[in-house]
1. Under 17 Å from a point 7 Å along the Cα-to-Cβ line of residue 98: which residues of segment 39-55 have their amide N that close?
2. What does the charge count around residue 91 come to, taking other residues whose C-beta lies under 12 Å from its C-beta (Lys +1, Arg +1, Asp -1, Glu -1)?
3. Tell me the trypsin sites (Lys or Arg not before Pro) within segment 25-119 that lie in a loop according to DSSP and have at most 14 other beta-carbon atoms within 10 Å.
4. If you stretched the chain out fully between residue 72 and residue 45, how much longer would it get, using 0.36 nm times the residue separation minus the C-alpha to C-alpha distance?
5. Mind checking segment 49-106 for GluC sites (Glu not before Pro) that DSSP puts in a loop (not H, G, I, E or B) and that have at most 11 other Cβ atoms within 10 Å?
6. How much net charge surrounds residue 112 when only other residues with a Cβ under 14 Å from its Cβ are counted (Lys, Arg +1; Asp, Glu -1)?
7. I want to verify the translational diffusion coefficient of segment 37-124 in µm²/s; compute it with Stokes-Einstein, Rh as the Kirkwood radius over Cα pairs, at 20 °C and 1.002 mPa s.
8. Give, as a single signed number, the net charge of other residues whose beta carbon lies under 14 Å from the beta carbon of residue 43, with Lys and Arg counted +1 and Asp and Glu -1.
Amino acid sequence: MSKLYLTILIIAILIGIGLIFYFFGPLGKPKIGSDEAALIINYGETKRAFVGEAIEGMTISDALLVSAKAGNFDFDLEEGVLKRIGQFEQNGKKWNAYLNGTKTGDSLDKIFIKAKDKIELKFE
């Protein structure tokens, strides 16, 4: 392997790591601005994170809808209960919602979010 190729490879890796830390902060946590909230979809093996402005009166289901449009995925919500995201549907497992680390019990369309909130949808 030539020295030039090795140097370019090392620089590319360092830039990639820098971008990960810039966008997600330490340990893969999304970087949330002062007027933003984060939605993390935890499929078990993989995660997807979305960060955007938290608007007054916005619910978890609203944040999911906006994230679905941005992330190009679909989902099913029945009476505020999340049944499916993409191909991950309730077959022995279910989608649980957590707001700032606390499991929610209400319908996702009745839980209001605000700036700096972290929403995590876990398939467990």
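Readers should treat all values here as calculations from the given coordinates under stated rules, not as data from a laboratory. These numbers come from a predicted model, not from an experiment. Note that each Cβ is placed from the backbone with ideal geometry, even for glycine, and that neighbours are counted across all protein chains shown.
1. Counting backbone N atoms under 17 Å from the label point, the list is 39-50.
2. Working: positive: 83, 84, 93, 94; negative: 89.
Net charge in that neighbourhood comes out at +3.
3. Numbers: sites: 31, 47, 48, 69, 83, 84, 93, 94, 103, 110, 114, 116, 118; in loops: 31, 93, 94, 110, 114, 116.
Those that pass, being in a loop and sparsely packed, are 31, 93, 94, 110, 114, 116.
4. Details: separation 27, 0.36 × 27 = 9.72 nm, distance 1.93 nm.
Full extension from residue 72 to residue 45 adds 7.8 nm.
5. Numbers: sites: 53, 56, 78, 79, 89; in loops: 56, 79.
Qualifying residues, ordered by number: 56, 79.
6. Details: positive: 110, 114, 116; negative: 56, 62, 106, 109, 117.
Charge balance near residue 112 sits at -2.
7. On the way: Rh = 12.8 Å.
Estimated diffusion coefficient is 167 µm²/s.
8. Details: positive: 47, 48, 84, 93, 94, 122; negative: 45, 89, 120, 124.
Surrounding charge for residue 43 is +2.
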